[in-house]
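The values are calculated or read from the model by the stated rules, or taken from the named source; none is laboratory data. Worth saying up front: this structure is predicted, and the values here are computed from it rather than measured. Here the Cβ is made from the backbone with ideal geometry for all residues, glycine too, and neighbour counts use every protein chain on show.
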C-alpha cells in the first residue's frame, strides 16, 4: 500500500493536505512523508510508524533520534552509512543494535550484518531526517542520492483499491493490525508477543504490537482508553471497526456495565451482566458481539487505564482464548507500569 493511502486510512492526514503535498512532491524532490512533516500536516512519530507498517519494519520515534547514543556511530564506516543512508542509534534491552535506515530491506540487512559483525534491528524513519542525521554524524559534504518512492508518481487519492504488494521479512513489528480476518496463531505467537514487550518503552508501540496479535486471535476488537467517565477508542480491528470508527468511538462507562465491571473488579468479564446499560448496544454493534464482548482491564500502576474488548476467537477455542486474553492484558499492564 502506498504511504499516502496508508496515512489517509489511518486518519493521520487530512485528505486536502495529502492531495496538495502529492501535487507539490515532484518539484520538492522530497519523499511524501518528509514533505508532509515539513508542511506540518503529519507528526513525525505518526509518519515514522506508518512507514514502519508499510515496510514491515520497526520505527524510530523522534525522541529515539534525539536521545541516540553518539558513540555507536563509530560502529558503521562512513562510506557504508552514506551508501545505505543509515546510522546506529541505540540498543534494545536484549543488547541488539538498532540502526536507523532510510530504506530497510534484505540487502541492507545483509550488508549491515556483514560490516557490523552482528545482525542489527533495522528501524525506519522519514527520509529527510535520516539523510540529515547521516550528513551531520558522518560530515558528508556530498549530497545523498534520493531514491524516490511510489508516491513521487502522481496518484489519484480517490482510488479505493490497489493491488497488494509483498512486504520484506519483519524484524520487530510495530504495525497497526490489518483490518481483516487472519488465521488463528500458534501458541508461540503469544509467547513471542509477550517477549517483545520487554524491549518496548513507548505506549503507542506497545499497543501496535499487542493489537497485531489480537487481530490474529479474535474476530474483532476494541482497545479503549478510560478517563473518569468515558471510554474512547484507541485501536481496533474487524469488519465494522474502521479507523474512523475507532477514532470517533466514545461511550459513558457508567452506561456500559461490562466496562464498569472490568474497571471496578479488575478482572476479565466473560459473561453478560444482568443489566447491560444504555450504551452497551453501541459497543456490541461496533464489534458485532451478541450479546456481549469479552472485556479485559489493563492497568498502569494503581489505575485501570484501558480495557480490551474482543469477540469470539478465530479458532473457536473459547477457554484457550480467555486464558490468552488474561495473559496479554497482564503483560500489557506490566509494560505500561514501566513507562
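Assorted remarks:
- In this structure, residue 331 does not qualify as surrounded by 13 or more Cβ atoms within 10 Å (Cβ to Cβ), at pLDDT below 90 and assigned by TED's automatic domain parsing to the domain that holds residue 212.
- Residues being part of a helix (DSSP H, G or I) and over 21 Å from residue 300 (Cα atoms) - total across region 191-222: 5
- Residue list for region 3-16, restricted to those being crowded, with 16+ Cβ neighbours inside 10 Å and either assigned by TED's automatic domain parsing to the domain that holds residue 205 or assigned to a helix (DSSP H, G or I) (or both): 3, 4, 5, 6, 7, 8, 9
- Residue match in region 46-55 (condition: touching a residue at least 60 places away in the same chain (Cβ under 8 Å) and within 17 Å of residue 132 (Cα to Cα)): yes
- Only helices (runs of 4 or more DSSP H) whose full extent lies in region 238-291 are considered here, and the ones with at least 1 residues that are more than 26 Å from residue 331 (Cα to Cα) and in contact (Cβ under 8 Å) with a residue 40 or more places away in the chain are 243-248, 280-287.
- Some residue of region 294-307 being in the same structural domain as residue 249 (by TED's automatic domain parsing) and in a helix (DSSP H, G or I): no
- Taking (1) closer than 16 Å to residue 217 by Cα; (2) modelled with pLDDT of 90 or more; (3) out of contact with any strand residue (DSSP E or B) (no Cβ under 8 Å at 6 or more places or on another chain) in turn, residue 316 satisfies each apart from (2).
- All of 209, 137, 124, 130 fail the test of being more than 28 Å from residue 30 (Cβ to Cβ) and modelled with pLDDT of 50 or more, apart from 209.
- Check on residue 319, free of Cβ contacts under 8 Å to residues at least 12 places away in the same chain, assigned by TED's automatic domain parsing to the domain that holds residue 214 and not in a loop (DSSP other than H, G, I, E, B): yes
- If the condition is being over 16 Å from residue 200 (Cβ atoms), without any contact (Cβ under 8 Å) to a residue 40 or more places away in the chain and in contact with a strand residue (DSSP E or B) (Cβ under 8 Å, 6 or more places away or on another chain), then region 62-88 contributes 68, 69, 72, 80, 84, 88.
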